[in-house]
Amino acid sequence: MITISGKTVCTGVAFGPVFVFSREESTIKRHHIESSDDEIARFEIARKKAIEELGMLYDKAISEVGESNAMIFQIHQMMLEDLDYIESIKNIITDQLINAETAVGQTCDNFVQMFKAMDDDYMRERSADVKDVSERLIKILSGKDNGGIVTSEPVIIVADDLAPSETVQFDKSKILAFVTEGGSTNSHTSILARMMNIPAVIGAKGSLKSEFNGKRAIVDGFTGTMYIDPDEETVKKLTKKKQEIEEQTKFLEKLKGCESVTKDGQRIDLFANIGNVLDVGSVLKNDAEGIGLFRSEFLYLESKDYPSEDVQFGAYKEVLSKMVNKRVIIRTLDIGADKQVGYFNMPKEENPAMGIRAIRICLKRPDIFKTQLRALYRASVFGRLAIMFPMIASEWEILKVLEIIDEVKAELDSEGIAYSNHIELGCMIETPAAAVTSDILSKHLDFFSIGTNDLTQYTLAADRQNPDIGDFCDAHHTAVLRLINTVTQNAHKNNTWVGICGELGADLELTEVFLAMGIDELSVTPNAILPIRKKVIETDVSAIKDKVLSKYLIQS
């Protein structure tokens with residue numbers, strides 16, 4: 001038996017033969033051309049064909065993996081319309097008098113390096129999309145076809161990594177699990193695996209060997225392990241584990257429609273985090289009780305210019321309408337630091353995580369902020385809207401935000417535009433300053449939403465983007481949990497409710513702790529809703545409160 005370890009991105013257990021996925025590498029041969037005009041025309045024909053192919057892939061993906069995951073192909077089409085990308089290729093053809101394949105390859109390398117240099121994990125992973133788009137162009141230019149998997153039985157796919165266009169061409173009924181040597185939790189392979197709810201392991205060094213092809217294997221997505229030619233004891237142990245998981249899944253489905261209430265009657269709202277309008281289907285499918293975080297910055301990240309008031313209004317209206325009076329919390333623009341948008345023309349900062357980001361941009365550039373607030377208030381009549389403001393550190397920031405909101409409401413009144421008078425206002429608690437002064441902030445707000453990712457990094461002075469920081473960035477650190485408890489107690493004194501929208505919200509090890517603290521809401525990825533509801537329903541807070549809080553040296 002050969003045991004290979006990696007990092008889990010989707011849990012579950014899968015048994016089956018290994019299919020080692022290999023692709024035909026496009027070898028680019030550089031050669032001199034006589035006419036740049038002719039070569040640019042050849043490039044344009046290939047570009048248009050690539051856009052057509054991506055349109056067909058989008059249609060195929062909608063039926064197989066849903067609208068949210070199919071969006072990647074629309075993004076790829078947008079990349080092929082990107083003027084910077086197009087002009088780079090044309091300029092290289094013209095200046096160097098070389099063939100289009102080489103120009104595409106050079107532009108791809110330049111753009112990949114640009115994306116990889118970004119701080120944000122999500123944006124770094126977009127380098128794979130640039131490679132995918134460029135590879136498609138090169139294959140069209142060179143007359144080569146894309147490959148897929150050829151198998152008569154379901155398999156465990158092992159690869160270096162997989163591009164979106166490769167994964168969507170697979171027959172999903174033939175995929176038992178994904179194992180990749182590279183990749184990350186934000187890669188398309190990982191996203192697809194979570195959507196399909198199949199085991200997936202990344203960073204499995206040593207798994208991509210041709211001799212493994214066809215061998216029987218087991219993938220344990222809980223431990224991030226793949227067993228090649230497993231022994232009898234391992235087969236027996238993981239067979240039992242798989243059966244237990246299947247039974248639990250059936251039980252979780254029965255929890256749809258149930259209230260998230262503990263044995264002793266304590267209720268907690270279980271909401272979902274989303275990035276765009278197309279994620280609402282997953283929210284409803286998993287029986288979330290509302291949306292606790294709509295990341296509005298993706299409207300900006302996916303646009304070539306500032307999204308207009310009407311464009312934003314349309315997106316907010318659609319989400320609110322689809323949620324049918326369930327609470328939808330929309331976070332105002334949160335760019336800067338690890339989420340850079342070129343057309344904002346932000347100056348380069350030595351320490352962007354501590355610089356001009358989120359609410360600081362909005363207060364320094366109120367014209368952008370007002371446009372978003374107008375769109376939000378206009379959309380508020382179509383559902384139950386709540387608005388929250390990111391990266392708050394001081395009371396004066398909240399007072400300034402409220403002042404701008406009054407200006408926006410006065411403008412809408414003068415224009416005869418309707419809006420709801422029952423919009424809840426809140427802020428993210430991401431800085432220690434906001435946590436420590438939460439008693440002051442809560443006097444002005446209806447709710448807090450604790451962003452545990454940033455709160456952890458700022459409290460522990462540990463960059464969460466740094467892969468080498470390891471144990472130094474401990475989200476279970478007593479200091480972090482004490483701050484969460486402090487925020488909750490301070491808020492409740494002023495009748496302000498408290499939620500958690502960071503990754504800790506989905507941490508089942510801490511569900512009892514959050515219940516014991518009195519947290520009012522947890523907002524998590526949609527597929528985490530039912531497992532947390534199960535934990536809530538099984539918990540008697542009065543019986544475990546003192547024990548779980550004392551474990552982290554927290555006073556009740």
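Couple of notes before you dig in:
- What you get for the chain, charging only the Cβ of Lys and Arg (+1) and of Asp and Glu (-1), is a dipole of about 1220 debye around the Cα centre.
- Note: relative contact order over segment 357-498, using C-alpha pairs below 8 Å and six or more positions apart, is 23 percent.
- The listed residues 396, 497, once ranked by accessible area (1.4 Å probe) with the largest placed first, stand as 396, 497.
- Extension gain for residue 471 to residue 216 (0.36 nm times residue separation, less C-alpha to C-alpha distance): 88.3 nm.
- Links that overshoot a 26 Å alpha carbon limit, given the list 172/322; 7/237; 7/215: 172/322
- The chain, relative contact order [Cα under 8 Å, separation at least 6], %: 14
- Net lengthening on full extension, residue 396/residue 305 (0.36 nm per residue, minus Cα-Cα): 29.7 nm
- Given charges at Cβ of Lys, Arg, Asp, Glu: segment 37-107 dipole, positive-most of 88, 104, 57: 57
- If you sort 264, 546, 454 by accessible surface, 1.4 Å probe, largest first, the order is 546, 264, 454.
- Net charge contributed by nearby residues that have their C-beta within less than 9 Å of residue 296 (K/R +1, D/E -1): 0
- Debye intensity ratio in log₁₀ form over the Cα atoms of the chain, taken at each q of 0.05, 0.06, 0.07 Å⁻¹: -0.23, -0.33, -0.46
- About the centre of its Cα atoms, segment 447-556 shows a dipole size close to 380 debye [charges on the beta carbon of Lys, Arg (+1) and Asp, Glu (-1) only; nearest 20 debye].
- DSSP-defined beta bridges in the chain - what % are antiparallel, rounded to 5: 35
- Dividing the helix sum by the residues of the chain, where each DSSP H run of 4 or more adds -39500 (n - 2.57), gives a mean residue ellipticity at 222 nm of -15000 deg cm²/dmol.
- Calculated accessible area for the chain comes out at 45 Å² per residue, all protein chains present (probe 1.4 Å; ligands, DNA, RNA ignored).
- Between residue 363 and residue 223, the modelled labels are 5.0 nm apart [label points 7 Å from Cα along Cα→Cβ].
- Within the accessible surface of the chain, defined with a 1.4 Å probe on protein heavy atoms only, the carbon and sulfur portion equals 50 percent.
- A straight Cα-to-Cα reach below 25 Å connects residue 48 with the lysines 29, 60, 90, 131, 139, 144, 304, residues fewer than 8 places away in its own chain not being considered.
- Computed over protein heavy atoms with a 1.4 angstrom probe, the accessible surface ordering of 306, 300, largest first, is 306, 300.
- The fraction of Cα-Cα pairs per 10 angstrom bin, counted from 0 for segment 435-556, comes to 13, 42, 36, 8, 0 percent, rounded to whole percents.
- If you plug the beta carbon distance of residue 420 and residue 52 into 1/(1 + (r/R0)^6) with R0 = 60 Å, you get a FRET efficiency near 0.85.
- Taking 0.36 nm per residue of separation and subtracting the Cα-Cα distance, full extension of the segment from residue 550 to residue 493 would add 18.3 nm.
- Selected from 323, 11, 235, residue furthest toward positive end of dipole (the chain; charges at beta carbon): 235
- Taking the Cα centre of segment 492-534 as origin and assigning +1 to Lys and Arg Cβ atoms and -1 to Asp and Glu Cβ atoms, the resulting dipole is close to 160 debye.
The values are calculated or read from the model by the stated rules, or taken from the named source; none is laboratory data. Quantities reported herein were computed from a predicted structural model and do not represent experimental measurements. For neighbour counting, all protein chains shown are included, and Cβ atoms are generated from backbone atoms with ideal geometry for every residue, glycine included. Surface areas here come from the heavy atoms of the whole protein model, side chains and all, with no ligands, DNA or RNA. Shrake-Rupley method; radii C 1.70, N 1.55, O 1.52, S 1.80 Å.
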